[in-house]
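Here's the structure we're looking at; comments come further down.
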Number of protein chains: 2
Amino acid sequence: MVPRKRADARRNEETLLEAAAAAFVASGVNVPVREIAAQAGVGVGTIYRHFPTRADLVVAVYRHQIEACAEAGPALLAGGGTAHQALAAWIDMFVDFLVTKHGLAEALQSDDATFQTLHGYFLERLLPVCERLMEAAREAGEVREDVSAYEVMRGVGNLCAGAGDSRYDARRLVGVLVGGLRVSA
Amino acid sequence: MVPRKRADARRNEETLLEAAAAAFVASGVNVPVREIAAQAGVGVGTIYRHFPTRADLVVAVYRHQIEACAEAGPALLAGGGTAHQALAAWIDMFVDFLVTKHGLAEALQSDDATFQTLHGYFLERLLPVCERLMEAAREAGEVREDVSAYEVMRGVGNLCAGAGDSRYDARRLVGVLVGGLRVSA
DNA sequence: AACCATACGGAACAACGTTCCGTTTACCAA
DNA sequence: TTGGTAAACGGAACGTTGTTCCGTATGGTT
C-alpha cells in the first residue's frame, strides 16, 4: 500500500542530492538553501518538501559514507592487531570523513535545533560501533576506564572542527587524544 | 591631545558592558544585539559605535579574565612542580574560563569573519604564554616535540565546545589530551 | 479527455546583523 | 546664562538568511 512517488518528485530528489553534494563541497554544509535550490533548478519549497530540515539533507548526502564507517568497525576488530589499534584505525576513518566535509564537524557540535537530527543520526549509527571497540580495548586493559565512548566521539568530532587551518593538524591532535586514552600502566 | 569622551558616552559604555555581561551569561555570546541594546536601554546604533564588532564586545567583557590567565602562566612555571604539571595547571585554568562562558569556545573556533578579532586577541595574548610553558616542558623532555602550542590551544578550545552536555565532561577529555602530550618514554 | 491528488515555484514572513541619518545633548566659549 | 557645535544617540530601514504557505502546474489514472 505504498503509493509510489510521482516521477518528477523522484527526479527532483535525485537532482537535489547531487546539487546539495556539490554545494556542500563548494561552500560547506551551511550553504544557503536558496543556493542549493538554484543549483538544482528548483524552488526552495521543493527542498523543504523533500528534506524538512537541513540535517535530513546532510544525512541523505553522506549516508553511504556513514554506513561504510559503521561497517568498518567490526571488521577492524576482527582483523589482526590489538583492540587499541583497531580503535585508533577506526577513529582515523572517522576523522578522514569529517575533515573532508567543510563545516560538518562544526554542525555536529552545534546546539542549533536544526542539527539535532544530524547529531542524533551520527550517534545512533556510530556510537554503538565505538562502544564495541572501546569495550574490547577496555577488556584488554588497553584504555582508561573513566572515559566513555560518547565522550571519545564528541571529543574527536570537536577536534575535527576548523580543519583547513594549515597550522592545525586535526589528525595529529586526535592521535594525541587517542594516545592519551591508553592506560599508563 | 586626546579629546576626552563625553560623559554620556562613557556612561553608556559602562552600561553596555554590564548589560552584555549579563546577556552573555543568560543567553550565550551569540545573544541578539537588539537584546543587549534593550537590556542596556540604548539603541543598537550605540552598541555599534562603541563596539564595532561583536568580538570587540566579547573581548571587552572578558579582558580581565583573559589577562589573569595570561599572567598565571609564568607564575605557575615559577612555582614548584614539573613543567608538564605547570602546563596542565595552566590549561585547567583556561578550560575553566572557557566552559563557564556559553558559546565562547564555539565562537572561538568559528570561521565567521566577525570573530576573527576574537580569535586574534586570544591568540595574541595567550599563545606566547602557552609557548613558554610548552617550551619548558619540551626542554625537560616531558612532552612530544611534534605538537605545537598553537595546536594545543586550538585543540583545548575545541574540546571545550558543547560543554553543558551532562554526558560530556570537557575537563576530563582535555586531561586525556594533555596526558597524551607526555612522551611515552 | 478529464479529473485530482501530488508536487512545484516563489512570494511572503520572521529573525537577525548592520548601516545611516535626523535628532538630541554635553561641552565650551562668549 | 546663553548660544553654537561637534559628539553621541535612537531606531527606522536595508540585506541576508531560514521557513511557511498557497495558487498553479502536472503526472497518473479512469
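The values are calculated or read from the model by the stated rules, or taken from the named source; none is laboratory data. Everything numeric in this text was worked out from a predicted model, so none of it was measured. All Cβ positions, glycine included, derive from the backbone under ideal geometry; neighbour counts span all protein chains shown.
Quick notes on this structure:
- Residue A:15 within 16 Å of DNA strand D (Cβ to nearest atom), in a helix (DSSP H, G or I) and within 18 Å of the chain's Cα centre (by Cα): no
- Residues considered: A:170, A:161, A:140. Of these, the only one that is farther than 22 Å from residue B:88 by Cα and within 13 Å of chain B (Cβ to nearest Cβ) is A:161.
- Checking residue B:47 against (1) within 14 Å of DNA strand D (Cβ to nearest atom); (2) touching a Gly at 6+ places or on another chain (Cβ under 7 Å), the condition it does not meet: (2)
- Of residues in the range A:18-34 being among the β-branched types (Val, Ile, Thr) and part of a helix (DSSP H, G or I), the one nearest to DNA strand C (Cβ to nearest atom): A:33
- A Cβ distance below 8 Å, combined with a sequence gap of six or more or placement on separate chains, defines the contacts here; from the range A:8-37, residues that are within 14 Å of chain B (Cβ to nearest Cβ) reach residues that are within 14 Å of DNA strand C (Cβ to nearest atom) and in a helix (DSSP H, G or I) in the pairs A:27/A:35.
- All positions within the range A:35-56 that are near DNA strand C (Cβ under 6 Å from one of its atoms), surrounded by 15 or more Cβ atoms within 10 Å (Cβ to Cβ) and outside any helix (DSSP H, G or I): A:42
- Exclusive hit being surrounded by 15 or more Cβ atoms within 10 Å (Cβ to Cβ), more than 16 Å from DNA strand C (Cβ to nearest atom) and either in a helix (DSSP H, G or I) or at negative phi (or both), set A:105, A:68, A:60: A:105
- Condition broken by residue B:110, with the remaining ones in (1) within 16 Å of DNA strand D (Cβ to nearest atom); (2) more than 30 Å from residue B:137 (Cα to Cα); (3) not charged (D, E, K, R) satisfied: (2)
- When the range A:136-151 is limited to residues that are touching a residue at least 24 places away in the same chain (Cβ under 8 Å) and outside any helix (DSSP H, G or I), the one that is farthest from residue A:81 (Cα to Cα) turns out to be A:147.
- Condition check for residue A:53: over 24 Å from residue A:13 (Cβ atoms), among the hydroxyl-bearing types (Ser, Thr, Tyr) and away from chain B (no Cβ under 13 Å): no
- Residue in the range B:83-100 that is within 14 Å of another protein chain (Cβ to nearest Cβ), farther than 20 Å from residue A:160 by Cα and surrounded by fewer than 20 Cβ atoms within 10 Å (Cβ to Cβ) present: no
- Selected residue (only one of A:7, A:37, A:20, A:72 is within 26 Å of residue A:137 (Cβ to Cβ) and out of contact with any strand residue (DSSP E or B) (no Cβ under 6 Å at 6 or more places or on another chain)): A:72
- A search for C-beta distances below 6 Å between a residue of the range A:157-183 that is farther than 15 Å from residue A:103 by Cβ and any residue that is of a type in the set (D, E, K, R), counting only pairs 6+ apart in sequence or on different chains, returns A:168/B:151; A:168/B:154; A:173/B:151; A:181/A:144; A:183/A:144.
- Qualifying residue in the range A:133-141 (condition: at pLDDT below 95 and either of a type outside the set (D, E, K, R) or under 23 Å from residue A:31 (Cβ atoms) (or both)): no
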